[in-house]
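Okay, structure first, notes after.
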Amino acid sequence: MGLDNLVVPSYAEIFFAIFVVEIIIGTFTNAFIILVNLRDRLKGQVLNSSDRLVVSLALSNTCFVFANAASVVSYIYFTGVVFLDYVFYTLYYVIMYTLFSSSWLSSWLCLFFFLKIITFKGGFFGWMKVKVESLVPWLIFSSQVISFISSLPFIWTTTKVFSSNVTSLDLGANQTFKVIGYKVNDSYTFFSLIVNCFLPFLIVMGTTGRIIASLSLHAQHMKQNMEDSRGASLKVHRTAARTMSSLLVIYLIFYVVEIALGFLPMDSPMYWICFALILVFPNLQSIILITGNSKLRKVWSDLMNCKKKH
């Protein structure tokens with residue numbers, strides 16, 4: 001695993017400039033989402049369920065960006081600090097927690113679009129469609145509880161790797177060796193990724209597929225009846241489908257890169273390329289959320305037009 005030996009190669013500093021740009025962009029775009037909704041809340045406006053999910057995602061992504069930024073700086077410039085237990089475990093915990101949180105929140109956002117757009121005749125989904133507005137706060141809360149609990153075992157299942165190639169579990173009372181890395185428990189990592197990444201991904205994939213199928217049938221029906229395909233209902237339908245499809249694609253790429261990263265040593269150039277791809281994920285997700293939300297899209301457009309005038 002990539003954490004077994006935290007020896008940072010000299011060329012890692014070349015990637016640092018890329019990381020800085022990614023971190024700045026990620027912080028700005030996610031802060032934009034949070035501040036726009038905070039402004040509306042301070043004006044006395046009540047955030048709708050979609051906005052609550054989007055803000056929760058932006059907060060989770062911001063924490064993910066900051067935790068990874070701290071990791072990058074520590075790995076490259078303050079390697080000794082990483083070997084302080086409370087530093088490593090805190091950073092690792094926050095990264096895993098925000099990763100899981102983002103996965104669940106994205107799946108709930110797609111489920112929300114799915115329930116709001118698709119028509120159901122009774123059944124479980126029919127009940128959820130009626131209750132969706134009151135369910136959203138509980139979905140957000142449950143995703144944080146699941147992410148919090150699922151991330152805790154990483155603290156006690158991750159062991160130190162010493163210079164003599166033994167782990168902290170094998171170290172005797174009178175032996176002292178230099179810590180050169182950490183080894184995560186593969187079994188628990190696999191289990192937690194199945195629960196907190198694969199299951200949310202299935203929700204995103206299933207709801208997105210159903211939305212696209214519904215959009216196709218809707219467009220075909222309108223074409224047969226010679227109706228205007230630019231109607232407001234179809235426009236909302238298309239925007240939701242585009243947002244969900246984009247989330248599906250970036251999560252698929254992200255998970256593949258994340259898995260690959262776990263099998264690469266830190267002295268491999270591919271490790272740092274994969275790390276750069278991981279850091280661009282919050283940026284892409286925030287851009288998708290902005291373009292898929294009419295309020296955020298309008299504020300962003302107004303902001304860009306204002307800059308052009310000046």
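The values are calculated or read from the model by the stated rules, or taken from the named source; none is laboratory data. Computed from a predicted structure; not experimentally measured. Cβ: placed from backbone, ideal geometry, glycine included. Neighbour counts: every protein chain shown. The area values use the complete protein model at the heavy-atom level, side chains included, leaving out ligands, DNA and RNA. Shrake-Rupley method; radii C 1.70, N 1.55, O 1.52, S 1.80 Å.
For region 12-76, with every protein chain kept in place, what is the accessible area per residue (1.4 Å probe, Å²)?
Values: 2850 Å² over 65 residues.
Ligands and nucleic acids excluded, the figure is 44 Å² per residue.
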* Structure fact -> Packing-ranked peptide list from 94-103, 288-297, 58-67, 33-42, highest mean Cβ count within 10 angstrom first, is 94-103, 58-67, 288-297, 33-42
* Structure fact -> Residue by residue through region 116-128, the couplings from Karplus 6.51 cos²θ - 1.76 cosθ + 1.60 with θ = phi - 60°, in Hz, x for Gly and Pro, are 6, 9, 6, 8, 10, 10, x, x, 5, 5, x, 5, 5
* Given H placed 1.01 Å from N in the peptide plane, which residues other than close sequence neighbours of V161 have an amide H under 5 Å from its amide H? -> I180, G181, Y182, K183
* Structure fact -> Whole-percent carbon and sulfur contribution to the accessible surface of region 81-154 (1.4 Å, no ligands, DNA or RNA) stands at 78 percent
* Counting only residues 5 or more places away or on other chains, whose amide H sits under 5 Å from the amide H of M266 once H atoms are built in the peptide plane? -> N5
* Structure fact -> If the chain between L202 and V46 were fully extended at 0.36 nm per residue, the gain over the current Cα-Cα distance would be 53.1 nm
